[in-house]
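K.L.:
One structure, pasted below without further comment.
The values are calculated or read from the model by the stated rules, or taken from the named source; none is laboratory data. These numbers were taken from a predicted model, which means no experiment stands behind them. Ideal geometry is used to build each Cβ from the backbone, glycine not excepted, and the neighbour counts take in all protein chains shown. In case anyone asks, the SASA skips ligands and DNA or RNA and just uses the protein heavy atoms, side chains included. Shrake-Rupley method; radii C 1.70, N 1.55, O 1.52, S 1.80 Å.
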Amino acid sequence: MIEQYRTALTKRDTAALEHIWADDYTFINASGAVVTKPERLANIKSGATSLNTIDREENPKIRVYGGDVAVAIDRVTLKGQYSGKATSGQFQSSHVWVKTPSGWQLASNQITPVSSQ
């Protein structure tokens, strides 16, 4: 699902993202802004959010809880823009996936810039 998600983001495939993101999905971007599913879809459709590349720096660490919730943590290198602001560099990424009747969906994710320290 993580790879499907990354592919949908880089291709700006809003139909796929509509299915991948849970109805109450929230995203916390690198600036700390909380973005809802409708806001994020609008940003992608308008071109304000577009990611050219998402390169995985390491294999994600995935933990599954009770068979219905999974948390994935990994480091990625991004190049593109979020909400009209240029974004590039290394980020820690966290995803919370939930198993629904229609399959695994992303309930929430966050990216945090990796400091140079």
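K.L.:
Give the long-range amide H neighbours of SER108: residues separated by 5 or more places, or on another chain, with amide H under 5 Å away, using H modelled in the peptide plane at 1.01 Å from N.
P.N.:
THR26, VAL96
K.L.:
Still on this structure: Just give me a number: lysine pairs in the chain, eight or more positions apart or cross-chain, with C-alpha atoms less than 16 Å apart.
P.N.:
Number of lysine pairs found: 4.
K.L.:
Roughly how many nanometres apart are two label points built 7 Å out from the Cα toward the Cβ at THR100 and ILE62?
P.N.:
Between THR100 and ILE62, the label points sit 1.9 nm apart.
K.L.:
Using unit Cβ charges (K, R positive; D, E negative) and no other charged atoms, how large, in debye to the nearest 20, is the dipole of region 57-117 about its Cα centre?
P.N.:
Numbers: 6 positive and 4 negative charges, 19 e Å.
The dipole magnitude comes to about 100 debye.
K.L.:
Another question, then. Could you give the spread of the C-alpha atoms of region 1-84 along their three principal axes, from largest to smallest, in whole angstroms?
P.N.:
So the extents along the principal axes, rounded to whole Å, are 37, 28, 24.
K.L.:
Over region 1-99, what percent of the accessible surface lies on carbon and sulfur atoms, probe 1.4 Å?
P.N.:
50 percent
K.L.:
For the chain, what does the accessible surface come to per residue with a 1.4 Å probe? Please give it in Å².
P.N.:
Spelled out: the 1.4 Å probe surface of the chain, per residue, equals 55 Å².
K.L.:
Okay, moving on. Roughly speaking, what is the stretch gain from HIS19 to SER88, that is 0.36 nm per residue apart minus the C-alpha to C-alpha distance, in nm to one decimal?
P.N.:
Computed gain between HIS19 and SER88 is 22.2 nm.
K.L.:
How much length would be gained if the chain were fully extended between LYS45 and VAL114, taking 0.36 nm per residue of separation minus their Cα-Cα distance, in nm to one decimal?
P.N.:
Taking 0.36 nm per residue and subtracting the Cα distance, the gain is 22.1 nm.
K.L.:
Quick one: putting +1 on the C-beta of Lys and Arg, -1 on the C-beta of Asp and Glu, what dipole do you get for the chain around its Cα centre, in Debye to the nearest 20?
P.N.:
So the magnitude is around 220 debye.
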